[in-house]
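A short write-up of the structure that comes next.
The values are calculated or read from the model by the stated rules, or taken from the named source; none is laboratory data. None of the values given here were measured: they were computed from a predicted structure. A quick note on method: Cβ atoms are made from the backbone with ideal geometry, for glycine too, and the neighbour counts reach across all protein chains shown. Just so you know, the surface numbers come from the protein's heavy atoms only, side chains and all, with ligands and any DNA or RNA stripped out. Shrake-Rupley method; radii C 1.70, N 1.55, O 1.52, S 1.80 Å.
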Amino acid sequence: MRNCSLLALGLVALTSACGGSDPRGQQPSWRSAPSAATESTRTSAPTAYIELVASDHQVSHYNKPPRTEAPVTPLSEAVVQLFAQGSAAAGVAAPIPDGRLYQALAELAEIAPLDTPLAYSVIEFAMQRNGIIEPSPHLVIIQGDMNDLGPILDELSPSVAEILASGSYERIGIGAARRGEVDMILLALQESNVTTRPIVRELAVGGSTAIEGVLGAGFTEPHAFHTDDAGKVHKMSVARIGGDGFRTLFSCGDHNGRQQVELTASDKTGSTVLANFPVWCGIAAPRTMRVTTHASDPPPKTREEAEERMLVLINSDRAEHKLPPLALDRRLTGIARLHSDEMLRTGDVSHVSPTTGSAGDRVEAGGVRTAVILENVARAYGVAEAELGLMNSPGHRANLLSDEVSHVGVGITLGKDVAGRRELLVTQVFIHIPKPIRAEEVRSKVVAKIRSIKPMTASFELRQVAQAFATEIANGVATEEASKHASKSLDTAARGFARVSTLVTTVANVRAFDPSGSLGSAKVSHHGIGIAQGDHPVMGEGAIYIVVLLGQK
């Protein structure tokens, strides 16, 4: 009888970047949790790369019926029955065998490294080419003898309850392959919180396809994004259909190559990635996937090392897209670390915590005031793998490449060892801290925006009053009190005007200033603009105060 060893992999689990109604930023996320099954302690020199060469079987559509039937073998029957019994004991529905998962896992079993976790990108490639759109499943790798079920079931049985408790799994799959003296056996359980009509995988340039579906129970607020072949993220318009249905239209336009599509929605834990899949425009979907192994992504020895490496990768990705680097904010790092520590304790990779609330709540509790808060969270087994996974998710990518943020905090907590690779719980928190402004430069931009809507003449008298008003509120004077002072000054300064109206706003960046709603129908001919910078109770330090006085002759 041959002994078997079992590796538990959560793989890159992504959670959206914030969720809910907090206007300061929220996007998407992967969720998955590792089981507590026995871990392998073997280590060996990593190979340079692994390659998955697809078989002739490759679907034309995601979620196209009829689905591949799950093969029945003594091994698969025994494992499915084991999880059915565990589900009955837990009072939950048993996961249903999915032939697509079986096919993907059979391919992966042929090439899975014997001594290190599989790269999430290879797993998703295998899933997607078999028509699966959901993010990476919960994966367990067993090395043993598929013809000797006793040791395999003995190893797996103690972990079934914990595996089932780590997620709401709809599907199950098993794949195996003989690898020299051992059999490589892969078990996958997958959550599915969205049901869609078939989605075509390949389109001609200029082609388009409707994406229609229904959200799973407990999910609301569907959103859709896609990353084009140039790396730019686009938000797609989503229409609601009935209570839980939605529809969006994906179009290749003039793009050529891989377009990554992502569907997200929110539940009690925040915004979550429900689907993340490529559509190929103008070219055929590739049949081969090759990735380097962990030789190029060595396990970090400390959280500080992991965080420093991730910061370098973040700014390298931004530099590649001609964006300025983000400054490290130690306050945010502390906030991010606490959240990653909690995710390790609970096993729940999510944005909304039952104890600390949302990313906005955590940042505010940490004493940081800012107009922009974005958050990415993930679980992975390598620093580079985590960053690559986040960049492959359009919603997370949009956060990493946002031109609205200036500072970042990275918190990484080191978890269990799996085949010589440390589990990493990752939190990235992004905020905007305005730089000191040049008042005249900001004033010129404000004037340009106003005149693009309605031609007007500058009034020196109105400007003086507006500037005094802006300076007072930037220095902490209540708006009501500053308004009284301005009214007194206008008694003298505005004698030549029949009426003067006031627009007061605070922004983190002058690009956010939009006077169109106040000027569209106003019968005004003159303006006076005041610009000042100061602290704000919500936006924090460096907020820009803009006061516009509009005079009507």
Check: Does segment 303-312 include one or more residues that are in a loop (DSSP other than H, G, I, E, B) and either modelled with pLDDT of 95 or more or in contact with a strand residue (DSSP E or B) (Cβ under 9 Å, 6 or more places away or on another chain) (or both)?
Finding: no
Notebook entry, point to check: Of these, 374, 323, which one is of a type outside the set (Val, Ile, Thr) and either open to solvent by less than 10 Å² (accessible area, probe 1.4 Å) or touching a helix residue (DSSP H, G or I) at 6+ places or on another chain (Cβ under 8 Å) (or both)?
Noted result: 374
Notebook entry, point to check: From 369, 331, 345, which residue is part of a helix (DSSP H, G or I), open to solvent by 70 Å² or more (accessible area, probe 1.4 Å), basic (Lys, Arg) and within 26 Å of residue 510 (Cα to Cα)?
Noted result: 331
Item checked: Inter-residue pairs, beta-carbon under 7 Å, first of a type outside the set (Gly, Ala, Ser) and in segment 491-503, second modelled with pLDDT under 85 and surrounded by 16 or more Cβ atoms within 10 Å (Cβ to Cβ), 6+ apart -> 500/494; 503/518
Next item on the list: Read through the list (1) closer than 21 Å to residue 395 by Cβ; (2) surrounded by fewer than 24 Cβ atoms within 10 Å (Cβ to Cβ), then give the number of the only condition that residue 354 fails.
Entry: (1)
Margin query: I'd like to check something: does segment 152-163 contain any residue that is free of Cβ contacts under 8 Å to residues at least 12 places away in the same chain and among the acidic types (Asp, Glu)?
Written below: yes
Next item on the list: Filter segment 236-256 for residues that are at pLDDT 95 or above and closer than 23 Å to residue 396 by Cα and give the result.
Entry: 236, 237, 238, 239, 246, 247, 248, 249, 250, 251, 252
Notebook entry, point to check: Can you name the condition, by its number, that residue 426 falls short on among (1) open to solvent by less than 30 Å² (accessible area, probe 1.4 Å); (2) assigned to a loop (DSSP other than H, G, I, E, B); (3) of a type outside the set (Asp, Glu)?
Noted result: (2)
Margin query: Please go through segment 394-423 and give me each residue that is under 20 Å from residue 541 (Cα atoms) and surrounded by fewer than 20 Cβ atoms within 10 Å (Cβ to Cβ), ordered by number.
Written below: 403, 404, 407
Next item on the list: Kindly list the number of the only condition in (1) in a helix (DSSP H, G or I); (2) more than 16 Å from the chain's Cα centre (by Cα) that fails for residue 388.
Entry: (2)
Next item on the list: List every residue pair whose Cβ atoms sit under 6 Å apart, with the two residues 6 or more apart in sequence or on different chains, where the first one lies in segment 265-286 and is aliphatic (A, V, I, L, M) and the second, anywhere, is open to solvent by 30 Å² or more (accessible area, probe 1.4 Å).
Entry: 265/221; 274/193; 285/202
Notebook entry, point to check: of a type in the set (Ser, Thr, Tyr) and loosely packed, with under 15 Cβ neighbours inside 10 Å - does that describe any residue in segment 66-85?
Noted result: yes
Note to self: Looking only at segment 204-233, count every residue that is under 24 Å from residue 94 (Cα atoms) and surrounded by fewer than 20 Cβ atoms within 10 Å (Cβ to Cβ) and tell me the total.
What the structure shows: 5
Notebook entry, point to check: With (1) surrounded by 18 or more Cβ atoms within 10 Å (Cβ to Cβ); (2) among the acidic types (Asp, Glu); (3) in a loop (DSSP other than H, G, I, E, B) as the list, and residue 107 as the residue in question, which single condition is left unmet?
Noted result: (3)
Next item on the list: Filter segment 70-85 down to residues that are within 19 Å of residue 148 (Cβ to Cβ) and assigned to a helix (DSSP H, G or I), then give me how many there are.
Entry: 9
Checklist line | Residues that are on the phi < 0 side of the Ramachandran plot and among the small types (Gly, Ala, Ser), drawn from segment 87-115 | finding: 87, 88, 89, 90, 93, 94, 99, 104, 106, 109, 112
Check: From the residues in segment 117-128 that are open to solvent by 10 Å² or more (accessible area, probe 1.4 Å) and assigned to a loop (DSSP other than H, G, I, E, B), which one is farthest from residue 178 (Cα to Cα)?
Finding: 119
Check: Is there any pair with a first residue in segment 316-327 that is free of Cβ contacts under 8 Å to residues at least 24 places away in the same chain and a second that is part of a loop (DSSP other than H, G, I, E, B) and open to solvent by 60 Å² or more (accessible area, probe 1.4 Å) whose Cβ atoms are under 8 Å apart and which are 6 or more apart or on different chains, and what are they?
Finding: 319/325
